[in-house]
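Derivation of every value follows stated rules applied to the coordinates shown; laboratory data play no part. Everything numeric here is computed off the predicted structure, so don't read it as measured data. Note that each Cβ is placed from the backbone with ideal geometry, even for glycine, and that neighbours are counted across all protein chains shown.
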């Protein structure tokens with residue numbers, strides 16, 4: 001069955017970096033756009049970034065633009081989020097999610113979500 | 001401040017019908033499909049409605065979606081205590097070029 005397993009979260013000091021991974025199985029990974037989203041403690045959902053099915057196009061939330069980079073390795077069915085210059089306000093559970101279609105030029109619904117990985121930015 | 005506006009909470013009795021609204025603008029709901037997600041505490045969100053009014057396989061027909069102009073609505077009929085959750089609307093914003101969500105609505109089944 002479909003599975004998205006996010007990993008790489010942890011506790012990190014402000015200004016440092018962290019790389020999240022999301023390993024996919026049970027579907028044709030290179031057919032689908034992929035998203036990262038996050039949810040701060042007690043808060044709502046916030047979309048972070050999207051990468052198209054082929055990795056050629058991406059979009060970012062203004063809150064992370066220039067600090068975070070989304071990428072994918074279709075040969076390994078894996079999605080990444082490189083997070084640099086982390087801030088306390090980046091503290092959240094980070095989810096990876098599959099787009100219904102290829103993700104570009106306009107993303108569609110997020111049809112399946114992974115379980116999330118927790119990131120805590122604190123000194 | 002969320003781009004899409006949802007009421008923070010709604011409540012109804014078991015068996016009743018409830019609607020959850022989501023208000024946006026021409027750059028998001030007005031010109032793009034809306035999705036609805038259900039989230040139980042401590043778990044990942046789950047897609048309930050896509051393309052404004054379509055249900056994925058496995059979602060009961062008690063859940064319905066509609067869109068009119070710059071607003072969208074999620075309807076839940078035959079309420080069950082197991083429907084208590086947070087519900088989020090989401091869509092693409094063509095001007096911002098980002099996915100946007102509502103702040104979420106907490107459903108309480110009394």
For region B:1-35, which residues satisfy the criterion of being outside any loop (DSSP other than H, G, I, E, B) and buried (at least 19 other Cβ atoms within 10 Å of the Cβ)?
B:4, B:18, B:20, B:22, B:29, B:34, B:35
Looking at region A:53-65, which of the residues that are closer than 20 Å to residue A:40 by Cα and more than 12 Å from the chain's Cα centre (by Cα) is surrounded by the fewest Cβ atoms within 10 Å (Cβ to Cβ)?
A:62
Looking at region A:84-99 only, could you name the residues that are within 14 Å of chain B (Cβ to nearest Cβ) and either surrounded by fewer than 21 Cβ atoms within 10 Å (Cβ to Cβ) or closer than 15 Å to residue A:11 by Cβ (or both)?
A:92, A:93, A:94
Within region B:32-51, the count of residues that are facing another protein chain (nearest Cβ under 10 Å) and in contact (Cβ under 8 Å) with a residue 40 or more places away in the chain comes to 8
Between A:114, A:102, A:66, which is under 25 Å from residue B:33 (Cα atoms) and away from chain B (no Cβ under 11 Å)?
A:102
Scan region A:23-50 residue by residue and report those that are part of a strand (DSSP E or B) and over 20 Å from residue A:65 (Cβ atoms).
A:23, A:24, A:25
Quick check on region B:78-93: of everything there that is surrounded by 15 or more Cβ atoms within 10 Å (Cβ to Cβ) and not in a strand (DSSP E or B), which residue is farthest from the other protein chains (Cβ to nearest Cβ)?
B:79
Find the residue count for region A:73-97, including only residues that are within 21 Å of residue A:27 (Cβ to Cβ) and more than 10 Å from the chain's Cα centre (by Cα).
6
